[in-house]
Structure formats: C-alpha cells, structure tokens
C-alpha cells in the first residue's frame, strides 16, 4: 500500500530579471531665467490682449502676476505665467511711460500699453488688460506697479548720472594731457636757440682767424718779389 503521506518536491521559485528597455538619465533642472531675480509682488489675475485686426479682446491666460527685481541691474519687470503649463503670457519691463487706466465698466481691471513685450521672444507693442478678483486686489496691484515705475526711473537716472560723470572725467583727463604735452615744443625750441647762439661765435672766430692769415699772405708776397729783383741785379 502506497504511503499516503508522499512528500511533494517543492516548486522552485522563479525570479525573472529583465533589462530595462529605456534607461532614465539624470533629471535636468529647467531654467526659468528668473534665478537672478527676487519677487516683490505676487497676485492671481487674468490677462487679456487686444487684437487690432479683429478689434476684440482675447484671453491670454490665468495665473500669478509677479513683479521681479533683478539682483544685478536692480530693474523690475512684470512676468505672468499660465496655470499648469507655466507658459509665459506677459513679460516686460515696467517703464515710466506706462499708465494704468480703469477698464470701462469694471473697478477690478486695468488697461495699459506696452512698447516692448517679450512674451513671444521678440519685442512687440501690445495693449493689455489685467483683471483681479476684486477692486481691493486691483488697487494693490496698481500701487506696486507705480512703485516699480518710480524705482526703475531712479535706477535709470543713476546710471545716466554715472555715465555723465565718466564722460566729464574723461574730458578732464584729455585736457590735462593736452596741457602737459603742449609746453614740450616751446621748451625744445628754447633749448635749440642757445645751441645756435653758441655756434654763432665759433663761426665769427673762424672768420676772424681767416682774415689775419690773408693779411700775412699779402705781406709775404712783396718781400718775395724784392728778393728776386736783388738776385737779378747781382747777376
């Protein structure tokens, strides 16, 4: 009779190993070109752009509008990115010529013109409208916007003053160099004059020395003639 308690051989565990089809590389951090800037203002808003061809407003995106101050240049620009995609829908320096005007029929949106907006990479003139959740937020944005305008104007003015000072210093340096170099020519002329004056007496002395020699020659000539005459008489 067969033993009912037959031992069953254990099934070997299968541990498959597969080589990955695609090897993941190291994650590269995407740059936003905002690494050297600090945010001075941030608020959620909706942005619109006016199309001249169709004479109508079209939505550009909804997201956080921020004012960023550069750590080196100190200038402030406005940057707005769309939610989720983070695609830029506004990117421009806040210039002194910009003016926020109330949008018709709304106390929570502003309209303004931009001479150079870099949303698409190249500068383009745009008319933009930005709308906030309420009038209070709209006024807070206006205050921050106008402060940034004043700040940028001061930064630009300081740079112009520095450039003017550099130009003045350069002009003064050129004048000092010209004044220092100018006397060298008269000085050289004055040094040449004494040399010429010193050479003049030498020429005079030479002429005076030549004169007695000529006189001596004239005296010797009659004496020689007299000696020749006496010799002829003796003969």
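The values are calculated or read from the model by the stated rules, or taken from the named source; none is laboratory data. Since the model is a prediction, treat every value here as computed from it, not as a measurement. Because the Cβ atoms are built from the backbone with ideal geometry, glycine has one as well, and the counts that use them run over all protein chains shown.
Regarding residue 74, is this residue surrounded by fewer than 18 Cβ atoms within 10 Å (Cβ to Cβ), at pLDDT 95 or above and either within 22 Å of the chain's Cα centre (by Cα) or closer than 19 Å to residue 36 by Cα (or both)? Write out each step before concluding.
On the way: surrounded by fewer than 18 Cβ atoms within 10 Å (Cβ to Cβ): yes; at pLDDT 95 or above: yes; either within 22 Å of the chain's Cα centre (by Cα) or closer than 19 Å to residue 36 by Cα (or both): yes.
So residue 74 fits the description; yes.
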Inset, instruction - Collect the residues in the range 72-114 that are under 17 Å from residue 149 (Cα atoms) and not in a strand (DSSP E or B), keeping them in residue-number order. - result: 73, 74, 75, 94, 95, 96, 97, 98, 99, 100
Inset, instruction - Scan 123, 90 and give me the residue that is surrounded by fewer than 16 Cβ atoms within 10 Å (Cβ to Cβ) and under 30 Å from residue 158 (Cβ atoms). - result: 123
Legend entry - Restricting the range 110-120 to residues that are under 15 Å from residue 79 (Cα atoms) and touching a residue at least 24 places away in the same chain (Cβ under 8 Å), the residue that is surrounded by the fewest Cβ atoms within 10 Å (Cβ to Cβ): 116
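Quick grid of which residues meet (1) closer than 18 Å to residue 119 by Cβ; (2) loosely packed, with under 10 Cβ neighbours inside 10 Å; (3) within 35 Å of the chain's Cα centre (by Cα); (4) at pLDDT 90 or above:
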{"residue": "7", "(1), (2), (3), (4)": "no, yes, no, no"}
{"residue": "28", "(1), (2), (3), (4)": "no, yes, yes, no"}
{"residue": "34", "(1), (2), (3), (4)": "yes, no, yes, no"}
{"residue": "37", "(1), (2), (3), (4)": "yes, no, yes, yes"}
{"residue": "42", "(1), (2), (3), (4)": "no, no, yes, yes"}
{"residue": "55", "(1), (2), (3), (4)": "no, yes, no, yes"}
{"residue": "68", "(1), (2), (3), (4)": "yes, no, yes, yes"}
Inset, instruction - Only residues that are touching a residue at least 40 places away in the same chain (Cβ under 8 Å) and buried (at least 18 other Cβ atoms within 10 Å of the Cβ): list them for the range 132-143, please. - result: 132, 141
Legend entry - Filter pass, residue 99 being touching a helix residue (DSSP H, G or I) at 6+ places or on another chain (Cβ under 7 Å) and either surrounded by 11 or more Cβ atoms within 10 Å (Cβ to Cβ) or at pLDDT 95 or above (or both): no
